[in-house]
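Written below as structure tokens is the structure these notes are about.
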Amino acid sequence: MNGRRRLTYHGTAHGYKNVGCRCVACSEANRAAARDERHRRYARRLLVDGVWVAPVAAERHGRVTTYNAWGCRCEPCTGAASAERQRLARVRAERQRTARAAS
């Protein structure tokens, strides 16, 4: 029975997330589940003064995760995402300088 139960997760997001299976079927199922969830979140956004805003608590705005996960384009979320992109660019530039200096 254990071997039979074990095979039931293949091709599911559960198999990918909870069991740790990285087969093609589980990976595809997880990707599809994530895409569907993202579409559900995006469909719940509100258009306020021509800007897509996530329907989340005010304290969750101004975060990169709200910008990415919800597609929120309010000023605080856009500012947080912009600041993060700039930070990552500085980190990449520093790594490149360090790599050039070491070689």
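Throughout, read-outs are computed from the coordinates displayed, never taken from laboratory work. Computed from a prediction, not measured in an experiment: that's the story for all the values here. Using ideal geometry, Cβ is built from the backbone for each residue, glycine included, and neighbour counts are taken over all protein chains shown.
Ranking of V64, V91, V53 by neighbouring Cβ atoms within 10 Å, starting from the fewest: V91, V64, V53. Highest mean packing first, where packing is the average number of other Cβ atoms within 10 Å per residue, the peptides 45-52, 10-17 line up as 10-17, 45-52. Could you tell me the center-to-center distance, by alpha carbons, between the stretch 20-50 and the stretch 65-103 in angstrom? A separation of 23 Å, based on Cα centres. If only the Cβ of Lys and Arg carry +1 and only the Cβ of Asp and Glu carry -1, the dipole of the chain around its Cα centre is close to 440 debye. Take the Cβ atoms of Q86 and C23, set R0 to 41 Å, and the FRET efficiency comes out at 0.60.
Can you compute the FRET efficiency between A58 and Q96 using 1/(1 + (r/R0)^6), with r the Cβ-Cβ distance and R0 = 30 Å? Round to the nearest 0.05. The formula returns an efficiency of 0.20 here.
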